[in-house]
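Take a look at the structure set out below.
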Amino acid sequence: MALGGARRQVRTVPRLGTEAEMEAEAISQIRARLAYQKEIMAANPHKSFNEEWAELWNWIKISIFVCGPVVVFALVKDLVLEEHMHRPEGPLPEYMGIRNKEFPWECGQCDLFDLDCWKKCRAEKA
């Protein structure tokens, strides 16, 4: 495999015959390929470089003017109107504290950042 992004070359091999027949067939294959490419180009006309850039900037503007207000609206909704939920104070219900085995630290029944539980556990052990 060629490195450096080299493009694959397509080669046509003419049928066996005299040198003139093989050359004529190769030329006819190339002409057929060129005619097909011209047919594709005529069916799908391409835009000029400047037209492509103009369309690119149109889509950039559309994206900014559509996505920008949506993002601002979502931020306002989340910061002003939406009230985020906090964890309820006090102990959790039993169904939320099910453990199959203890945690691997000294106070195996305490969550890692449950400081009140850690204080109680260390006071019991002292």
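Among the residues making up region 76-88, those that are in a helix (DSSP H, G or I) and open to solvent by 100 Å² or more (accessible area, probe 1.4 Å) are L79, V80, L81. Just to be sure before I move on: is N100 under 30 Å from D114 (Cα atoms) and free of Cβ contacts under 8 Å to residues at least 12 places away in the same chain in the structure I sent? So N100 passes the test. Report yes if some residue within region 4-19 is open to solvent by less than 100 Å² (accessible area, probe 1.4 Å), part of a helix (DSSP H, G or I) and either of a type in the set (A, V, I, L, M) or at pLDDT 90 or above (or both); otherwise report no. Checked against the condition, which is being open to solvent by less than 100 Å² (accessible area, probe 1.4 Å), part of a helix (DSSP H, G or I) and either of a type in the set (A, V, I, L, M) or at pLDDT 90 or above (or both), region 4-19 yields no hits at all.
I'm checking my understanding of the structure. Among residues of region 23-75 that are part of a helix (DSSP H, G or I) and hydroxyl-bearing (S, T, Y), which one is surrounded by the most Cβ atoms within 10 Å (Cβ to Cβ)? Don't jump to the end; show me each part of the working.
Here is the first cut: in region 23-75, the residues part of a helix (DSSP H, G or I) are 23-43, 49-75.
Filter again for hydroxyl-bearing (S, T, Y), leaving 28, 36, 63.
Numbers: S28: 12, Y36: 10, S63: 10.
For region 23-75, the residue satisfying everything is S28.
You will find that of P91, P104, the residue that is surrounded by 10 or more Cβ atoms within 10 Å (Cβ to Cβ) and either touching a helix residue (DSSP H, G or I) at 6+ places or on another chain (Cβ under 8 Å) or assigned to a loop (DSSP other than H, G, I, E, B) (or both) is P91 and no other.
The values are calculated or read from the model by the stated rules, or taken from the named source; none is laboratory data. Bear in mind the structure is a predicted one, so any value in this text is a computation, not a measurement. Reconstructed Cβ throughout: ideal geometry from the backbone, glycine too, with neighbour counts over all protein chains shown. For the accessible areas, the whole protein counts, side chains as well, though only heavy atoms, and no ligand, DNA or RNA atoms are used. Shrake-Rupley method; radii C 1.70, N 1.55, O 1.52, S 1.80 Å.
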